[in-house]
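Structure first, commentary second.
The values are calculated or read from the model by the stated rules, or taken from the named source; none is laboratory data. It should be emphasised that the depicted structure is a prediction, and the values quoted were computed from it without experimental measurement. A quick note on method: Cβ atoms are made from the backbone with ideal geometry, for glycine too, and the neighbour counts reach across all protein chains shown.
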Amino acid sequence: MLGLKLPTDPRWANLAEKSLEEILTDHAYCEQKATTTCISLIQSYPERERLVKELSPVVTEEWGHFRLVIQELEKRGLKLGKQRRDEYVNELLTFMKQTETKNERLMERLLVSALIEARSCERFRVLSINIEDDELKEFYHKFMVAEAAHYRMFLDLAEEYYDKEKVRTRWEEYLEFEKGLMERLDVRGDRVH
């Protein structure tokens with residue numbers, strides 16, 4: 001469904017479970033960054049009515065997700081740690097084409113957002129299936145469903161505003177780049193990506 005070229009090894013869930021405070025901290029900041037990305041897109045492209053209409057409720061949803069993760073930390077007697085550099089996202093940003101116009105940049109931003117949501121969805125699925133804690137299985141299943149919807153929304157918006165073949169070609173390039181990126185990055189249980 002997601003089209004990712006390299007699935008996460010299910011054993012990653014065991015690493016994440018051993019680093020629960022760290023993975024929940026990283027997850028919280030991922031939700032915060034998703035919120036600010038949606039706000040930034042709305043601010044940058046207010047004339048794109050469908051984009052504004054679809055992203056506005058996602059801002060609220062993503063911030064709600066941040067709050068849910070904070071509640072989960074508190075419930076377990078854990079603390080929100082400091083935000084860390086997200087190597088995965090930073091590497092994806094290096095693959096974005098440096099386009100000349102704001103209009104051309106939108107497609108790149110939508111595709112990067114779709115890819116981040118797709119990988120998050122896939123990772124949350126791995127957690128929802130493989131983690132030992134039944135409450136966390138349910139917790140991450142809900143996030144998996146939400147991320148899948150966001151991934152689809154970003155791709156649909158790209159296809160709304162740009163030639164579908166151009167979007168699909170560039171999407172395949174992103175998927176190939178992301179595969180290589182996943183092969184290069186260390187497998188860490190304290191990061192969502």
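Quick look at the values:
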read-out	value
Among (1) acidic (Asp, Glu); (2) at pLDDT 95 or above; (3) surrounded by 12 or more Cβ atoms within 10 Å (Cβ to Cβ); (4) under 21 Å from GLU160 (Cβ atoms), the one test that GLU104 misses	(2)
Candidates LEU15, LEU6, filtered to the one that is touching a Gly at 6+ places or on another chain (Cβ under 9 Å), closer than 18 Å to GLU117 by Cα and either modelled with pLDDT under 95 or of a type outside the set (Phe, Trp, Tyr) (or both)	LEU6
Pair list, Cβ < 8 Å and 6+ apart or interchain, from the stretch 67-95 residues that are over 30 Å from LYS179 (Cβ atoms) to residues that are assigned to a loop (DSSP other than H, G, I, E, B) and charged (D, E, K, R)	LEU73/LYS79
When residues of the stretch 159-172 are limited to those that are touching a residue at least 24 places away in the same chain (Cβ under 8 Å) and within 18 Å of ARG119 (Cβ to Cβ), the one surrounded by the fewest Cβ atoms within 10 Å (Cβ to Cβ)	ARG170
ASP156 at negative phi, modelled with pLDDT under 95 and surrounded by fewer than 17 Cβ atoms within 10 Å (Cβ to Cβ)	no
Residues located in the stretch 147-193, provided they are in a helix (DSSP H, G or I) and either touching a strand residue (DSSP E or B) at 6+ places or on another chain (Cβ under 8 Å) or among the aromatic types (Phe, Trp, Tyr) (or both)	TYR151, PHE154, TYR161, TRP171, TYR174, PHE177
Entirely in the stretch 38-131, the helices (runs of 4 or more DSSP H) that have 3 or more residues that are under 16 Å from ARG191 (Cβ atoms) and hydroxyl-bearing (Ser, Thr, Tyr)	none
Cβ pairs under 6 Å, 6+ apart, first in the stretch 105-127 and closer than 25 Å to ALA13 by Cβ, second aliphatic (A, V, I, L, M) and in a helix (DSSP H, G or I)	ALA114/LEU155; CYS121/MET144; CYS121/ALA148; PHE124/MET144; ARG125/MET144; VAL126/ALA13; LEU127/ALA13
